[in-house]
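What follows is calculated from the coordinates using simple rules that are stated; it is not laboratory data. Everything numeric in this text was worked out from a predicted model, so none of it was measured. Glycine also receives a Cβ, built like all others from the backbone with ideal geometry; neighbour counts cover every protein chain displayed.
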Amino acid sequence: MTPMEPTGAVRQSAEAAVQASIVVPDVALEHRRQSERRVALAPELVTIRNLKMHFPVIEGALFSKEVARVKAVDGINLTIRKGETLGLVGESGCGKTTTGRCILRLEHPTGGEILFDGKNLVDLDQKSMRALRQKIQVIFQDPYSSLNPRMKIGEIISEPMKVHGTEPNKAARDARVAELLRLCGLDPKFADRYPHEMSGGQRQRVGIARALSVRPEFIICDEAISALDVSIQAQIINLLEDLRDQFGLTYLFIAHDLSVVRHLCHRVAVMYLGKIVELADCDELYGNPLHPYTQALLAAVPVPDPDLERARAHRIVKGEVPSPMNPPRGCVFHPRCPLAVDSCAKIVPEFRELRPGHWVACSVI
Amino acid sequence: MSRLLKIDSLQTHFFSAAGVVKAVDGISFDVNQGETMAIVGESGCGKSVSALSILRLVADPPGRIIGGSIRFQDRDLLKLSDEEIREVRGKDIAMVFQEPMTSLNPVLTIGRQLTETMEQHLDMTRGQAVARAIELLGMVGISDPERRLRQYPHHFSGGMRQRVMIAMALCCEPKLIIADEPTTALDVTVQAQILELMKDLTQRLGVALIIITHNLGIVARYADRVNVMYAGRIIESGTAHDIYHHPHHPYTLALLRSVPRMDQPRRARLDPVQGQPPDLSRLGVGCSFQPRCGFAIARCASQSPPLERIDGGDHLAACFEAHSVAESMARSS
């Protein structure tokens with residue numbers, strides 16, 4: 001899979017602007033492109049096949065029965081390569097967080113399989129899953145509620161090491177805590193403080209240090225920077241990138257901020273109502289979005305440039321995301337889709353590879 | 001354009017056991033009739049407290065407006081009696097909050113919440129108010145308004161609730177609407193719908209809008225003028241074009257540089273604002289951005305720079321090194 005030439009209008013105008021102003025080639029960016037090409041050839045670390053997570057809706061206390069099912073994730077296929085950062089984007093309720101929780105086995109999927117290094121996580125018993133969790137860690141969205149307020153920072157970071165027995169003696173754990181704090185840009189003295197003594201950005205660094213403590217291979221970042229202030233977001237994004245390069249980490253980056261995903265990810269999957277509607281290399285997806293939903297999402301993000309922003313045509317998609325309890329028949333996006341034809345209400349679109357490495361679920365385009 | 005609102009040296013402080021938090025510390029700005037003004041800043045910079053202060057909605061204790069004036073048309077809102085300010089709220093100045101989930105009353109129908117305000121402020125009969133409520137719901141894009149009026153907030157989605165909030169804000173034909181992070185809780189496609197609706201309605205009805213947000217993209221699209229706040233003060237003020245293309249304050253520049261942008265080619269690395277946001281109860285004597293600033297000189301630690309005009313125009317910045325900042329921006333773009 002080679003990176004495609006970007007063709008979108010935004011990108012073209014941006015590139016014209018660059019050619020006019022910047023003469024010096026960006027060495028770091030070239031280095032990054034090289035790493036992207038390398039990742040494209042790396043072996044698969046996570047393979048998700050036809051994953052389904054349906055939550056039953058139960059009514060009645062004595063003779064309770066299932067009255068409906070919320071199809072949070074409804075048959076998705078994904079692969080994540082070693083060293084890759086895969087972006088999973090979509091609006092609230094699209095199933096992106098549930099997908100992450102299924103991989104962590106915080107939910108037990110209704111169907112499908114999740115292969116991690118060749119092992120199917122769905123079949124594993126509790127004990128083997130616990131052992132595997134050392135390799136799969138998570139960074140949560142809210143740095144305020146994801147740290148135990150009664151534990152010192154040092155205890156929070158060393159807890160996974162105790163659980164997994166990676167550092168059996170206390171002195172080694174303390175040394176590792178200091179090393180992790182330094183790695184995440186914090187003073188090792190923070191080990192003796194409590195979460196409430198720290199700012200949001202600092203707490204998120206603690207969350208990252210905790211995830212790293214057991215030397216994982218794969219980290220799920222679930223909206224890991226969404227709750228942070230703009231000026232702090234960039235610090236954390238840079239930190240995540242540095243750690244990825246230093247330890248060869250693989251990320252599943254779940255987010256709704258499309259500009260951040262574009263900056264950080266190698267490939268991007270767009271979800272809508274429990275399904276993946278488009279999947280492509282980052283440059284390809286942003287430069288040449290094919291699914292009408294992806295196009296609508298990209299058009300809805302305002303860019304911080306008043307002249308450009310006011311000149312831009314705004315095609316705003318109508319309506320809101322329907323309830324996943326009762327999703328539309330046929331293509332789930334058809335009630336809001338500007339391109340919908342009669343058959344879209346009947347036929348579920350196939351997930352097709354329209355260009356090399358660029359997959360789309362739409363039968364009209 | 002005539003001036004609608006003039007805020008002068010407004011100070012709102014919070015008095016807690018841990019000390020005095022200077023949430024808003026001497027801000028001044030004007031809003032003209034029919035104009036859209038944005039207040040941008042990060043959490044804790046005082047942008048919401050300044051909005052709440054305009055309608056005197058800051059909880060006292062612990063908060064208190066300790067200085068300044070807020071002139072709306074020809075009255076000083078800070079000198080009105082409690083009854084008089086209640087007349088202004090909802091009638092002349094309306095507010096749209098961030099959380100459409102919590103700002104509607106869950107046990108009253110949508111219709112009752114709309115008509116209550118109109119009966120209170122406009123002396124309408126129940127029938128007149130209901131007719132107007134139906135018209136308003138249609139205006140904000142809610143289909144089948146007669147039926148929707150009889151429903152409760154939990155029947156509405158987040159975007160629909162925010163539309164109801166906008167209908168409520170518009171019901172007494174206010175001169176000014178203050179929208180505090182009106183779309184932060186919404187999804188991006190719905191955010192675009194709500195913002196376009198607000199822009200469209202305020203323009204059509206000639207209502208002035210103060211939009212409070214942390215999102216630089218929203219400001220770029222909708223604001224005529226922009227005030228950037230940091231640590232309780234306005235540190236830069238100007239037209240959207242001035243702020244985005246010719247920033248003169250290091251914080252504005254740093255904010256613009258720190259965000260990944262879809263309109264520019266991908267960068268290898270982001271350029272974050274260094275350090276942590278300030279603790280408002282422990283501000284020193286100098287410029288509050290000085291500890292994080294790359295342009296700081298010796299004077300910045302001991303003196304707080306005043307908000308001053310740049311080249312005699314309407315563009316203001318509070319920085320001793322404003323011209324170096326502007327040069328740095330010019331070099332990089």
Need one number: % antiparallel among DSSP beta bridges in the stretch B:158-255, to the nearest 5. 55 percent
Could you list the square roots of 5 times each eigenvalue of the Cα gyration tensor of the stretch B:62-153, that is, the equivalent ellipsoid semi-axes, sorted largest first and rounded to whole Å? 30, 16, 12
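How many percent of Cα pairs in the protein assembly as shown exceed 34 Å? Don't skip to the end; give the middle numbers.
Numbers: 124933 of 243253 pairs.
Every Cα pair in the protein assembly as shown considered, those over 34 Å come to 51 percent.
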Below 13 angstrom from the Cβ of B:Ala129, what's the summed charge of the other residues (Lys, Arg +1; Asp, Glu -1)? -1
Roughly how far apart, in whole Å, are the Cα centres of the stretch A:185-220 and the stretch A:108-140? 24 Å
Long-range amide H partners of A:Thr79, meaning residues 5 or more apart or on another chain whose placed amide H is closer than 5 Å, are A:Ile48
Largest first and to the nearest Å, give the Cα extent of the stretch A:121-234 along each principal axis. 42, 33, 24
For B:Ile210, the residues 5 or more places away or on another chain with a placed amide H closer than 5 Å to its own amide H are B:Met37, B:Ile177, B:Ile178, B:Ala179
Please report the base-10 log of the normalised intensity I(q)/I(0) for the stretch B:74-229, using a Debye sum with one equal scatterer per alpha carbon and no solvent, at each q in 0.08 (1/Å). -0.23
Under a straight-distance cross-link criterion of Cα-Cα below 24 Å, which lysines are reachable from A:Lys189, leaving out those fewer than 8 residues away in the same chain? A:Lys152, A:Lys162, A:Lys170
Span per principal axis, largest first, for the Cα atoms of the stretch B:1-112 (Å): 42, 41, 31
Using a Gaussian network model on chain A with a 10 Å cutoff between Cα atoms, which of A:Asp245, A:Asp283, A:Asp125 fluctuates the most? A:Asp125
Tell me the volume per residue, in Å³, of the convex hull enclosing the alpha carbons of the stretch A:174-239. 88 Å³
Rounded to the nearest Å, what's the spacing between the alpha carbon centres of the stretch B:239-262 and the stretch B:39-109? Just the number, please. 28 Å
With Rg and the Kirkwood Rh both taken from Cα atoms, where does Rg over Rh land for the stretch A:230-303? 0.99
Summing -39500 (n - 2.57) over every DSSP H run of at least 4 in chain B, dividing by its residue total and rounding to the nearest 500, the 222 nm mean residue ellipticity is -9500 deg cm²/dmol
If each part is reduced to its alpha-carbon centroid, the stretch B:282-333 and the stretch A:269-323 end up apart, in Å, by 37 Å
With springs only between Cα atoms under 10 Å, which of A:Gln137, A:Gln204, A:Gln235 fluctuates most in a Gaussian network model of chain A? A:Gln235
If you take the beta carbon distance between B:Leu108 and B:Glu196 as r and set R0 to 35 Å, what does 1/(1 + (r/R0)^6) give as a FRET efficiency, to the nearest 0.05? 0.80
Taking the alpha-carbon set of the stretch A:287-365, what are its Rg and Dmax in Å? 14.5, 43
When the convex hull of its Cα atoms is projected in every direction, mean area for the stretch B:243-333 (nm²): 6.9 nm²
Going by C-beta contacts inside 10 Å, put A:Arg203, B:Arg126, A:Arg150, B:Arg132 in order with the fewest on the left. A:Arg150, B:Arg126, B:Arg132, A:Arg203
Please arrange B:Ser2, A:Ser145 by how many other C-beta atoms lie within 10 Å of their C-beta, fewest to most. B:Ser2, A:Ser145
Quick one: give the max-minus-min coordinate of the C-alpha atoms of chain A along each principal axis, largest first, in Å. 72, 66, 38
Just the number, please: percent antiparallel of the DSSP beta bridges in chain A, rounded to the nearest 5. 65 percent
Antiparallel bridges, percent of DSSP beta bridges restricted to the protein assembly as shown (to nearest 5): 65 percent
Which FRET efficiency value, to the nearest 0.05, is calculated for A:Asp307 and B:Leu78 with the Förster distance at 45 angstrom and r the Cβ-Cβ distance? 0.75
How big is the Cα convex hull of the stretch B:226-267 in projection, averaged over all directions, in nm²? 3.2 nm²
Taking a ≥ b ≥ c as the square roots of the eigenvalues of the Cα gyration tensor, with a/c under 1.5 meaning rounded and otherwise prolate when a/b exceeds b/c and oblate if not, the stretch A:69-134 is oblate
Going by how many other beta carbons lie within 10 Å of each one, how would you line up B:Cys319, B:Cys172, fewest first? B:Cys172, B:Cys319
For the stretch B:91-243, with +1 on Lys and Arg beta carbons and -1 on Asp and Glu, the positive-most of B:Thr202, B:Gln151, B:Val190 along the dipole: B:Gln151
Averaged across orientations, what area in nm² does the convex hull of the alpha carbons in chain B project? 18.5 nm²
Return the single residue from A:Asp307, A:Asp222, A:Asp74 with maximal mean-square fluctuation; model: Gaussian network over chain A, springs between Cα atoms under 10 Å. A:Asp307
log₁₀ of I(q)/I(0) at q = 0.14, 0.20, 0.25 Å⁻¹ - the stretch B:165-226, Debye sum with one point per alpha carbon: -0.36, -0.76, -1.21
Can you give the alpha-carbon Rg of the stretch B:175-274 over 2.2 N^0.38 Å, where N counts its residues? 1.16
Here the membrane-span-like helices of chain B, with no claim about any membrane, defined by DSSP H, Cα axial extent at least 15 Å and mean Kyte-Doolittle at least -1.0, are B:110-122, B:126-139, B:158-170, B:188-205, B:322-332
